[in-house]
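Below is one structure, written out as structure tokens; the observations come after it.
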Amino acid sequence: MARAGWNRSGTHDVRGLIGVPLDTITIPFLLWVLVLMPALGILSWLRLRSGKALPPKVRRYRAMLVLQLLLLAITSLAAKQNSFSLFGPAWPPAWTWVAGAAYLLFIAARIRTGWRKLTEERKQKARMTLPENLVEMRYWIPISLLAGVTEEFAYRGVAYSVLSQITGSPGISLVVCVLTFGVAHMMQGWRGATWAAALAILFHLVVLLTQSLYLVIVFHAAYDLVIGILGMRALAAVKPPEAQPAF
């Protein structure tokens with residue numbers, strides 16, 4: 001599996017355990033991406049299962065924006081510390097962009113068809129995360145764009161590259177990044193986490209094929225935007241759950 005971290009000369013810089021750059025920036029970065037984010041995903045999932053009321057959605061969206069900006073900052077620092085050029089030396093060929101757009105359209109069509117088959121319970125679960133109106137969509141758009149950039153930088157870029165150096169095994173690095181990425185999305189439930197992990201595998205393969213992060217960044221951001229737009233339209237036709245009377 002190729003790495004998404006290229007040295008400044010445009011060639012791969014794969015090292016083993018000797019000279020692994022475990023410093024005061026790289027270690028916190030790895031803890032953030034591989035421990036903190038999955039832990040937050042699990043905690044969110046447990047809170048949903050407990051039935052406890054969630055903060056207002058707009059407040060949660062603001063918190064997501066802050067977390068994404070912090071992740072972008074620490075990922076950029078870790079990339080600079082380890083001399084990783086995250087974008088890679090080459091622009092993906094045109095056919096990969098066409099294939100990515102076609103696959104995105106296919107997923108969008110499947111989502112529109114699948115929504116009608118969802119149970120009422122799963123639709124209400126979707127309401128907890130997806131935007132329902134234009135006010136929430138104003139937050140969802142920057143969340144989607146930032147997720148495409150920061151999560152691909154972090155998981156397919158720096159984390160994968162550093163773990164490959166530490167372990168000397170791109171395969172182990174791939175498994176760790178895929179699993180932690182999936183668990184970080186546990187608020188969406190087991191199905192959502194499994195689907196996120198499956199997409200992570202696909203994204204790693206695309207990086208291997210294109211030798212860059214350009215395509216996966218654009219696809220990831222566009223995918224989240226499509227989910228939000230389709231979700232907002234679909235939820236408009238779903239009756240919100242009735243509030244429970246206070247005693």
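The values are calculated or read from the model by the stated rules, or taken from the named source; none is laboratory data. Because the structure is predicted, anything quoted here is derived from the model rather than measured. Cβ atoms come from the backbone with ideal geometry, glycine included; neighbour counts cover every protein chain shown.
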Within the stretch 80-115, of all residues that are β-branched (V, I, T) and under 18 Å from A196 (Cβ atoms), the one modelled with the lowest pLDDT is I111
Does V206 meet the test of being in contact with a Phe, Trp or Tyr (Cβ under 8 Å, 6 or more places away or on another chain) and either over 25 Å from A126 (Cβ atoms) or part of a helix (DSSP H, G or I) (or both)?
yes
Here's a check for you: in the stretch 126-163, which residue that is more than 17 Å from A236 (Cβ to Cβ) and over 16 Å from the mean Cα position of the chain (by Cα) is surrounded by the most Cβ atoms within 10 Å (Cβ to Cβ)?
V162
Return the residues of the stretch 61-89 that are without any contact (Cβ under 8 Å) to a residue 60 or more places away in the chain, under 20 Å from the mean Cα position of the chain (by Cα) and either buried (at least 16 other Cβ atoms within 10 Å of the Cβ) or closer than 16 Å to F153 by Cβ (or both); say none if nothing qualifies.
L67, L70, A73, I74, L77
Please verify whether I166 is in contact (Cβ under 8 Å) with a residue 12 or more places away in the chain, farther than 20 Å from V33 by Cβ, part of a helix (DSSP H, G or I) and out of contact with any Asp or Glu (no Cβ under 7 Å at 6 or more places or on another chain), treating the condition exactly as stated.
no
Of the residues in the stretch 90-102, those that are assigned to a loop (DSSP other than H, G, I, E, B) and loosely packed, with under 15 Cβ neighbours inside 10 Å come to A90, W91, P93
What number goes with the only condition from (1) crowded, with 17+ Cβ neighbours inside 10 Å; (2) of a type in the set (V, I, T); (3) closer than 23 Å to A102 by Cβ that I201 does not pass?
(1)
